[in-house]
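Student: Below is a structure I'd like to ask you about.
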Amino acid sequence: MRGVFLVSLLLVSALAGDVASSVKPLTPATFDEAVNENNVMVKFFAPWCGHCKHLAPDYMKVAESFKDSKKVIVAEVDCDAEANKALCSKNGVTGYPTLKFFPKGQPKADVKYEGARTAEAIQAFISEKTGERAHVPAKAYVELTDASFDQVVMNPEMNVLVAFYAPWCGHCQHMAPEYEKAAASFIPSDKVVMAKLDADHYKDLATKYGVTGFPTIKFFAAGKKEPEEYNGAREAQAFVDFLNEKSGAKRLLGGALMPTAGRVEDLDEVAKKFREADPATRRDLLKDAQAKVASMEDMMTSWSGKFYVKTMENVATKGKEYIEKEKMRLQKIIDSKAVAAQKLDEMAKRIHILEAF
């Protein structure tokens, strides 16, 4: 939780107008050097300004996306500070926030930014002016729009958790790293999607789904798209637990499978008896297992059942030693991480089934 606290502290500082993340504070003593030696995007702001507070999270994202650039600095000047007032006046600042781009070495060729106050729009503007691309890390969750909402959320095969948020909402910002961490715990074959919608921008969708406060979180089950309100804790583990219960995914926080993943309770009893049984009893237990598997309709349960049967056949022909040898072989492949995530899951499930013997 210490990491979550630090992220929250940074966001609170940003909203208060303090230095946060990779946004570089400029003063009269540092301004000229910065714009002479770099391409600089500057936000002139006041800590009490509501529009500045609204912009702060997006501006922080912009700074983070260019933090490793050797061409671009994303900076800010606190115009409410007495020492900076002359600098703001010199640059023609009459309202807050004012965003200006200063080309390297050309302090008098500044360009006032008039575009949308979103991270994406500001990043595109900087890229256009400098040729430098923003580095935007991949998100584990899906960012929805009005154009993509139905395609993602109403997919009859997917279990979808949607967080309706507003960029300026403190509780939403506090929840963001937890939501991201939970989303990263699922893979496509789980048929689980964690998504977010900027409900302050897409107001019609927010109204349609009864969103009156932020964040509002709703679950859309596979095959049943009447949303269910999520009222659990806004923590990664709580999100994972909820989605496991609703989807049957059996994920641990971080992406590993639960030790029970792949196991079939009815066949566990058969497996326990099989290892120590005499040959005649083994034949009867094998027939029992085969009959159970033949009656399984669920594809994943059937896959597990077939592996129980295959394991019994191998134990019968290769002896009890087969169990430990096969577990070691599979674990070695998992540790190498040389196969796709879905294949790693299959191998982990096989180990879990072998444990039943």
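The values are calculated or read from the model by the stated rules, or taken from the named source; none is laboratory data. This structure is a prediction, so every number in the text was calculated from the model and none was measured. Neighbour counts run over all protein chains shown; Cβ positions are idealised from the backbone, glycine included. With ligands, DNA and RNA removed, areas are computed over all heavy atoms of the protein, side chains included. Shrake-Rupley method; radii C 1.70, N 1.55, O 1.52, S 1.80 Å.
Student: Have a look at 164, 149 and point out the one that is of a type in the set (A, V, I, L, M, F, W, C) and more than 16 Å from the chain's Cα centre (by Cα).
Tutor: Values: 164 fails: more than 16 Å from the chain's Cα centre (by Cα).
Just a single option satisfies the conditions, and that option is 149.
Student: Filter the stretch 21-58 down to the residues that are in a loop (DSSP other than H, G, I, E, B) and touching a strand residue (DSSP E or B) at 6+ places or on another chain (Cβ under 9 Å) and list them by number. Outline the logic, then answer.
Tutor: We begin by selecting, within the stretch 21-58, every residue in a loop (DSSP other than H, G, I, E, B); these are 21-23, 26-27, 38, 46-49.
Hits for the stretch 21-58 are 22, 23, 26, 27, 38, 46, 47.
Student: Could you tell me which of the residues 331, 342 is in contact (Cβ under 8 Å) with a residue 60 or more places away in the chain and among the polar types (S, T, N, Q)?
Tutor: Values: 331 fails: in contact (Cβ under 8 Å) with a residue 60 or more places away in the chain.
Matching residue, one of 331, 342: 342.
Student: Residues being surrounded by 17 or more Cβ atoms within 10 Å (Cβ to Cβ) and either closer than 12 Å to residue 62 by Cβ or aromatic (Phe, Trp, Tyr) (or both): count how many of those fall in the stretch 133-153.
Tutor: Result for the stretch 133-153: 3.
Student: I need every pair where a residue in the stretch 144-165 that is touching a residue at least 12 places away in the same chain (Cβ under 8 Å) and in a loop (DSSP other than H, G, I, E, B) has its Cβ under 9 Å from the Cβ of a residue that is acidic (Asp, Glu) and open to solvent by 90 Å² or more (accessible area, probe 1.4 Å), sequence separation at least 6 or different chains.
Tutor: 146/204
Student: Just a yes or no: is a residue in the stretch 301-318 modelled with pLDDT under 90 and exposed (fewer than 13 other Cβ atoms within 10 Å of the Cβ)?
Tutor: Scanning the stretch 301-318 turns up no residue that is modelled with pLDDT under 90 and exposed (fewer than 13 other Cβ atoms within 10 Å of the Cβ).
Student: Looking at the stretch 96-130, which of its residues are in contact with a Lys or Arg (Cβ under 8 Å, 6 or more places away or on another chain), part of a loop (DSSP other than H, G, I, E, B) and open to solvent by less than 90 Å² (accessible area, probe 1.4 Å)?
Tutor: Residues satisfying the conditions are 97, 103, 110, 113.
Student: Further question on the same structure: In the stretch 154-168, which residue that is of a type outside the set (S, T, N, Q) and surrounded by fewer than 18 Cβ atoms within 10 Å (Cβ to Cβ) is nearest to residue 202 (Cα to Cα)?
Tutor: Restricting attention to the stretch 154-168, the residues satisfying the condition of being of a type outside the set (S, T, N, Q) are 154, 156-158, 160-168.
From the residues that got through so far, the ones that are surrounded by fewer than 18 Cβ atoms within 10 Å (Cβ to Cβ) too are 154, 156-157.
Working: 154: 17, 156: 23, 157: 25 Å.
Result: 154.
Student: Among the candidates 182, 199, 163, which residue alone is within 16 Å of residue 249 (Cα to Cα) and out of contact with any Gly (no Cβ under 8 Å at 6 or more places or on another chain)? Don't jump to the end; show me each part of the working.
Tutor: On the way: 199 fails: within 16 Å of residue 249 (Cα to Cα); 163 fails: within 16 Å of residue 249 (Cα to Cα).
Exactly one of 182, 199, 163 is within 16 Å of residue 249 (Cα to Cα) and out of contact with any Gly (no Cβ under 8 Å at 6 or more places or on another chain), namely 182.
Student: Residue check, residue 90 against (1) open to solvent by 80 Å² or more (accessible area, probe 1.4 Å); (2) out of contact with any Leu (no Cβ under 9 Å at 6 or more places or on another chain); (3) under 23 Å from residue 173 (Cβ atoms), all met but one. Which one?
Tutor: Only one criterion is unmet by residue 90, namely (3).
Student: Is there a residue being in a helix (DSSP H, G or I), farther than 25 Å from residue 279 by Cα and either of a type outside the set (A, V, I, L, M) or in contact (Cβ under 8 Å) with a residue 12 or more places away in the chain (or both) anywhere in the stretch 312-327? Talk me through it step by step, then tell me what you get.
Tutor: Step one: filter the stretch 312-327 for residues in a helix (DSSP H, G or I), giving 312-318, 321-327.
Right, trim to farther than 25 Å from residue 279 by Cα and you get none.
Scanning the stretch 312-327 turns up no residue that is in a helix (DSSP H, G or I), farther than 25 Å from residue 279 by Cα and either of a type outside the set (A, V, I, L, M) or in contact (Cβ under 8 Å) with a residue 12 or more places away in the chain (or both).
Student: Of the residues that sit in the stretch 328-357 and are closer than 16 Å to residue 272 by Cβ and in a helix (DSSP H, G or I), which one is most open to solvent (accessible area, probe 1.4 Å)?
Tutor: Checked the stretch 328-357; the qualifying residue most open to solvent (accessible area, probe 1.4 Å) is 355.
Student: Answer yes or no: is there a residue in the stretch 84-95 that is in contact (Cβ under 8 Å) with a residue 40 or more places away in the chain and assigned to a loop (DSSP other than H, G, I, E, B).
Tutor: Looking through the stretch 84-95, at least one residue is in contact (Cβ under 8 Å) with a residue 40 or more places away in the chain and assigned to a loop (DSSP other than H, G, I, E, B).
Student: Residues to consider are 58, 68, 78; find the one that is modelled with pLDDT of 95 or more and either buried (at least 21 other Cβ atoms within 10 Å of the Cβ) or closer than 23 Å to residue 136 by Cβ (or both). Spell out how you get there, then give the answer.
Tutor: Numbers: 58 fails: modelled with pLDDT of 95 or more; 68 fails: modelled with pLDDT of 95 or more.
Unique residue meeting the criteria: 78.
Student: Keeping to the stretch 70-97, report how many residues are touching a helix residue (DSSP H, G or I) at 6+ places or on another chain (Cβ under 8 Å) and of a type outside the set (A, V, I, L, M). Full working, then the answer.
Tutor: Applying the first criterion (touching a helix residue (DSSP H, G or I) at 6+ places or on another chain (Cβ under 8 Å)) to the stretch 70-97 yields 71-79, 83-84, 86-87, 96-97.
Applying the additional criterion that residues be of a type outside the set (A, V, I, L, M) yields 71, 76, 78-79, 84, 96-97.
Summing the residues that are touching a helix residue (DSSP H, G or I) at 6+ places or on another chain (Cβ under 8 Å) and of a type outside the set (A, V, I, L, M) in the stretch 70-97 gives 7.
Student: Would you mind stating whether residue 249 is surrounded by 18 or more Cβ atoms within 10 Å (Cβ to Cβ), touching a Phe, Trp or Tyr at 6+ places or on another chain (Cβ under 7 Å) and under 30 Å from residue 290 (Cβ atoms)?
Tutor: Values: surrounded by 18 or more Cβ atoms within 10 Å (Cβ to Cβ): yes; touching a Phe, Trp or Tyr at 6+ places or on another chain (Cβ under 7 Å): yes; under 30 Å from residue 290 (Cβ atoms): yes.
Yes.
Student: Give me the pairs: first residue in the stretch 111-123 and without any contact (Cβ under 8 Å) to a residue 40 or more places away in the chain and on the phi < 0 side of the Ramachandran plot, second residue in a loop (DSSP other than H, G, I, E, B) and surrounded by fewer than 17 Cβ atoms within 10 Å (Cβ to Cβ), beta-carbon distance under 8 Å, and six or more apart or on different chains, which are they?
Tutor: Partner pairs satisfying both residue conditions: 111/103; 121/115.
Student: Next question, about the same structure. How about the stretch 171-238: which strands (runs of 3 or more DSSP E) wholly inside it have at least 2 residues that are in contact (Cβ under 8 Å) with a residue 12 or more places away in the chain and among the hydrophobic types (A, V, I, L, M, F, W, C)?
Tutor: Numbers: elements: 192-198, 216-221, 224-229.
So the answer is 192-198, 216-221.
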